[in-house]
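K.L.:
I have a structure here, written as structure tokens, and I will follow up with some questions on it.
The values are calculated or read from the model by the stated rules, or taken from the named source; none is laboratory data. Predicted model, so just to flag it, every value in this text is computed and none were measured. Here the Cβ positions follow ideal geometry from the backbone for every residue, glycine too, while neighbour counts run over all protein chains shown. Each accessible area value is taken on the protein alone, full model and side chains, heavy atoms only, with ligands, DNA and RNA left out. Shrake-Rupley method; radii C 1.70, N 1.55, O 1.52, S 1.80 Å.
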Amino acid sequence: MSDEPLVLGIETSCDETGVGIVRGQTLLVDTVASSVEEHARFGGVVPEVASRAHLEAMVPTIERACREAGVRLRDLDAISVTSGPGLAGALLVGVASAKALALALGKPIYGVNHLASHVAVDIVEHGPLPEPTMAMLVSGGHSSLLLVPDVTNDVRSLGSTMDDAAGEAFDKVARVLGLPFPGGPHVDRAAREGNRIAIDFPRGLTTGRDMERHRFDFSFSGLKTAVARWVETRQRAGEAVPVADVAASFQEAVVDVLTRKALLACKEHDVDHLLIGGGVAANSRLRALAEERCAKAGVTLRVPRPGLCTDNGAMVAALGAQMVAKGRLPSDLGLPTDSSMPVTLVQA
Amino acid sequence: MLLLAIDTSTTAITVGLHDGSSVVAEASTLDARAHAEHLAPNMRDVLATAGAEPGDVTDVVVGIGPGPFTGLRVGIVTGRTFAFALGLPVRGLTSLDAIAHEAWLDGRRGELVVATDARRKEVYAAAYVLGDERADRVSEPTVSRAADLPAETRALPTAGRGPILYAEALPHAVAPLDVSGGALADLAVRRLRESAPGPGELQWVDPGHGFDGLEPLYLRRPDAAPAPPSTKSTLG
Ligand SMILES: [Zn+2]
């Protein structure tokens, strides 16, 4: 098979039906149908609503991706699909569809890890990944620090969140501040008008014994509670809540911890490339502070453009293309989904 | 003609292949929790058994339920995608009809109820009259507790897993328990024949004719609660 394999990737681990097509390290198309608006009124993703939306969007999204990329299905070299982690019912729709494609077309199928895909997507944006690369994935579902010697078969977990994911904390704080779901972009926007040192919110797991035991782990639950208490106290006293200052100070607490630990991990593991992915990577303050701290530490920062940081099919295609190029064996047609697939397992 | 029929609305993950004159291969796996794992391998196996390639298939039919949502969707998305990839027509049939049709094929006549497992202590059910020509459905599929079905309905011979699960409410269990891909394929070919303009070659007519569309029969609204944080592991 060529070292420029043509791979179609399917991603349905949460509320976005993503189909991407990659040729080698070149992104041809990234098509996403989102059901986020259907979930907004519930303040979170409703699994059954997401699964129903995936079923309706699946074939039209594949069709649109092929049309926009000018790719015929029979010309594909392989199909890749997120087999986990994610919402069980949502994953099943994508995996079943990918298997049907693979069987109908007589193509190999690769069931791949969603988190490794978040890392691999930067290959189509910024070229080959240095080996090893340090990767920090931050979203509504994950907050992980990964040491990645080889994204196709060697991903090591250095730490992850002990409670809330970073993006989840954004959603919850947004709710406290009366901002809409999903919270990330709204908190980011409000924070631009605010003072990020106005309120000294706690930085979880950054001192003393916590730092020894949970060196590269995160905790955002205490921060979220601190914000809620602070706001409540104001409200009870009949005072106006300075939304912009709260948003900016909260956001600063999150990105300070994230970037501090990421750079410490780079230093201690002697890695000079840091990749940030996941929906929270679109946060403007996280990008700015990461740039500042990386520059100071002599670490090269890689952040895919926002559209490739959130869940999408291109990332799954990108990892699939790497698998093919590196000669990894395909998955079996009986491959399962795994809603809690460990990050260290790149392929199902 | 080579018609591929798929159903995942009951415990059976089932596939049948029909060449226009008879069922040439069938594969079923009983595993209510692993639809996506077994379905594609079963499809591969029936094609291999029949000595056929995926490209030889001319028509796809999927059971659209009613059935437990997660498994049901696996069959429907598989049928839709497989047909799309090969540029084939794809049609839906109510899964309960395939169970009644199999009972009819086995020689049963008269009134029949089909009641399948809807989980949450409920059944999906529909009533049929099995005549000399065919099995006719005489009620729309419903979801309810078995005991809440009308008494005269519950007294009838009942196919599906309903009577196995709720023997007190549905005392007259008869075969079959689950959908079989072969029976679904046979039903689809007969429906095609009925809708064909005359003797000779089978042909497809307008999409709805004799078929039930491709939308799943959920019969229940989704539970409108967001995923708990522990399972919401990949937002973004
Ligand atoms: Zn993600």
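K.L.:
Filter region B:67-102 down to residues that are more than 17 Å from B:Leu39 (Cα to Cα), touching a residue at least 60 places away in the same chain (Cβ under 8 Å), assigned to a helix (DSSP H, G or I) and not charged (D, E, K, R), then give me how many there are.
P.N.:
4
K.L.:
Given A:Ala102, A:Ala190, A:Ala166, A:Ala90, which one is within 16 Å of the ligand (Cβ to nearest atom) and either at pLDDT 95 or above or open to solvent by 10 Å² or more (accessible area, probe 1.4 Å) (or both)?
P.N.:
After ruling out the rest, the residue left standing is A:Ala90.
K.L.:
Residues in region A:90-112 that are assigned to a helix (DSSP H, G or I) and over 16 Å from B:Met43 (Cα atoms): how many? Let's see the steps before the verdict.
P.N.:
Pass one, region A:90-112, residues assigned to a helix (DSSP H, G or I): A:90-105.
Subset that is over 16 Å from B:Met43 (Cα atoms): A:90-94.
Summing the residues that are assigned to a helix (DSSP H, G or I) and over 16 Å from B:Met43 (Cα atoms) in region A:90-112 gives 5.
K.L.:
What are the residues in region A:160-215 that are of a type in the set (Gly, Ala, Ser), more than 14 Å from chain B (Cβ to nearest Cβ) and on the phi < 0 side of the Ramachandran plot, if any?
P.N.:
A:Ala190, A:Ala191, A:Gly194, A:Ala198, A:Gly204
K.L.:
What helices (runs of 4 or more DSSP H), lying completely within region B:114-198, carry at least 2 residues that are surrounded by 23 or more Cβ atoms within 10 Å (Cβ to Cβ)? Spell out the reasoning first.
P.N.:
Numbers: elements: B:151-154, B:162-165, B:181-195.
Hits in region B:114-198: B:162-165, B:181-195.
K.L.:
Hey, among the residues in region B:51-66 that are part of a loop (DSSP other than H, G, I, E, B) and farther than 17 Å from B:Ala183 by Cα, which one's farthest from the other protein chains (Cβ to nearest Cβ)?
P.N.:
Top of the filtered list is B:Gly51.
K.L.:
Could you please let me know if A:Pro330 is touching a residue at least 12 places away in the same chain (Cβ under 8 Å), open to solvent by 10 Å² or more (accessible area, probe 1.4 Å) and more than 16 Å from the ligand (Cβ to nearest atom)?
P.N.:
When the stated conditions are applied, A:Pro330 passes them.
K.L.:
So A:Leu28 ticks every box in (1) within 16 Å of the ligand (Cβ to nearest atom); (2) open to solvent by 10 Å² or more (accessible area, probe 1.4 Å) but one. Which box is left unticked?
P.N.:
(1)
K.L.:
Now for a separate question. Out of the helices (runs of 4 or more DSSP H) lying entirely within region A:121-221, which hold 1 or more residues that are touching a Pro at 6+ places or on another chain (Cβ under 9 Å) and of a type in the set (Phe, Trp, Tyr)?
P.N.:
Values: elements: A:122-126, A:166-176, A:183-191, A:208-213.
Here the list reads A:166-176.
K.L.:
Can you find even one residue in region A:274-284 that is farther than 24 Å from A:Glu168 by Cα and out of contact with any strand residue (DSSP E or B) (no Cβ under 7 Å at 6 or more places or on another chain)?
P.N.:
No, region A:274-284 contains no residue that is farther than 24 Å from A:Glu168 by Cα and out of contact with any strand residue (DSSP E or B) (no Cβ under 7 Å at 6 or more places or on another chain).
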